1. How charged is the neighbourhood of residue 307? Take every other residue with its Cβ under 12 Å from the Cβ of residue 307, and add Lys/Arg as +1 and Asp/Glu as -1.
2. 7 Å from Cα along Cα→Cβ at both residue 250 and residue 70: what's the point-to-point distance in nm?
3. Take a quick pass over the chain and tell me how many lysine pairs come in under 30 angstrom between Cα atoms, counting only ones 8 or more apart or on separate chains.
4. For a label point 7 Å from the Cα of residue 220 along Cα→C-beta, name the residues of region 293-323 whose backbone N is under 11 Å from it.
5. If packing is taken as the mean number of other Cβ atoms within 10 Å per residue, what is the order of 37-43, 135-141, highest first?
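A short reminder: the numbers here are calculations on the coordinates, not readings from a lab. Just so it is clear, the model here is predicted, and its values are computed rather than measured. All Cβ positions, glycine included, derive from the backbone under ideal geometry; neighbour counts span all protein chains shown.
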Amino acid sequence: MKYISFIHPVTQSERAGVITQPQQPGADTLVYDIGLLTGLQPNGAYTLIEYITAGAQETLQTALRSADADTFALPLRTLRLLSPVPNPPSVRDFYAFEQHVRAARARRNAEMIPEWYQFPVFYFSNPAAIQGHNELIEYPQGSQEMDFELEIACVIGKTGKDIPAENASEYIFGYMVMNDWSARDLQREEMRMSLGPAKGKDFATSLGPWLTTPDELADCRIGAGAQERYDLAITGSVNGKEVSRANFKDMYFTFPQMLERASQRVTLRPGDIIGSGTVGTGCILELGSEVQPWLQPGDVVEMEIERLGILRNQIVISAPRQP
């Protein structure tokens, strides 16, 4: 299934929705309001984290079988989308693609770090700076080197601690496209002091456009247990020009391995986000500014992962405040 979070056009409250495919060619793609359809929250806002935490998938499936579209559905094209999980409890971003790490270090005339192969490493990002599909991204103050980072993210579906990699896929509710925006010059200054990244990273992370459950990707699955991956094409473009191309299956460390590392003596909660780190060719730092100049206000960045959709954002000097 595909899930979104959106602003209800009448109540202006955050709602969780499930996408259904049109029954006829040319018909609208519809979104069912989960809280209303299931009766779990008929009179107010209902978030996707609440739905995931409740484990209400069977309730939703039952309700969909007899759903009245005129009462419970809205056309997807009319909705203002948020990140599928707009307010995650935490965001961990890993470093899982060897090609990206090796190529980015080569740009700095640095050798590959042997320790990188020992375990997947991550940093904590800012859960208060999450953006969704088509939301405007403010250019980071004090920076002249704004970059995109094309990634995959998963959302945790149930509480777990000390999760073994062999069983970790059971804890993944779904996958989505991630753009971990970066201010490279700020990041470079911070990390000279062996701490960070902080201000170089925490101004924005885009996620979306929707959250796809693993069952929809089963025919693309490669491997099992700790080695589970998916054969899904990944591309990125700036102002309509493709600059990045990779594949989900090329990750060195898998999501199950990342979950095992993240959950060591720590409890993961429903709605926690785990990022893969940048895919090969997935940022300007790796490509080189001679291939793709640093981003500027007005640029439109599109990140696409097969089956997971297109995440689009435009960069602006200052974005208007949303209600």
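1. Values: positive: 2, 221; negative: 215, 216, 219, 231, 304, 306.
Result for the neighbourhood of residue 307: -4.
2. Here the answer is 5.1 nm between the modelled labels.
3. 14
4. Under 11 Å, as judged by backbone N against the label point of residue 220, lie 304-310 of region 293-323.
5. Values: 37-43: 15.7, 135-141: 18.7.
Ranked from most to least packed, the peptides come out as 135-141, 37-43.
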